[in-house]
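Here is the structure we will look at.
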Amino acid sequence: MHWLNWYTAMCFNRLLNRSGHFWEKRYHSTGFPPGDTRRALNTLRYIHANPKAANMQQGWFYDYSNYGSYDRLTQDGLTQWHPAFLALGATLDLCAAAYRRFCKKYKPKPKPERKSHWGEKKLAALRQKLRAKKVSPGQKSLWESWNLPFDQIQAVAKDFVLANCLNPDIVRVRFDDTT
């Protein structure tokens, strides 16, 4: 996160022809020791709760989150259970039950009302001007350099979504219609 914040700040400062701090304090992030299981579980729960806290859904299951792998112990082909999760019980079923109870206790803090910042209008205007997508020499698009066949990408995405969604039978129809 530190590198990403630094890099985007440099790019925006260059784009806006300015210097100095770009991101506010709320974008500050720090790591934590691998042995801090309490913080790891709180972070994991916070990530899994984001779609619910943003009112994108009612429950914890979200097609593009790996909460289903933690709740139902499904294998989605991408997720590895965090060691803090595995420390919750002697068996995987006990770990899943303990994590489920842990998540149900979570009450996200209400989001503060959105404030207008000096850069919002300026960045929106710049976005309109830069629609032509100029590419600097030496920059590559992630997708152009990705050589995986589309079928493999689609298969991994399908496995992930079906393993983590609330009702796989309903979601499977969506994939069957497109393949």
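Worth a mention:
- Given (1) farther than 17 Å from residue 160 by Cβ; (2) part of a loop (DSSP other than H, G, I, E, B), index of the condition residue 8 fails: (2)
- Residue check for residue 109: closer than 30 Å to residue 22 by Cα, of a type in the set (D, E, K, R) and either within 19 Å of the chain's Cα centre (by Cα) or at pLDDT 85 or above (or both): yes
- Selection over region 73-98 of residues that are over 22 Å from residue 35 (Cα atoms) and either in contact (Cβ under 8 Å) with a residue 60 or more places away in the chain or within 16 Å of the chain's Cα centre (by Cα) (or both) gives a count of 5.
- Listed by position, the helices (runs of 4 or more DSSP H) inside region 28-98 whose residues that are modelled with pLDDT under 85 and surrounded by 14 or more Cβ atoms within 10 Å (Cβ to Cβ) number at least 2 are 37-53.
- Single match in 131, 127, 172 (criterion: modelled with pLDDT of 75 or more, assigned to a helix (DSSP H, G or I) and charged (D, E, K, R)): 172
The values are calculated or read from the model by the stated rules, or taken from the named source; none is laboratory data. Keep in mind that what you see is a predicted model, and the values were worked out from it rather than measured. Note that each Cβ is placed from the backbone with ideal geometry, even for glycine, and that neighbours are counted across all protein chains shown.
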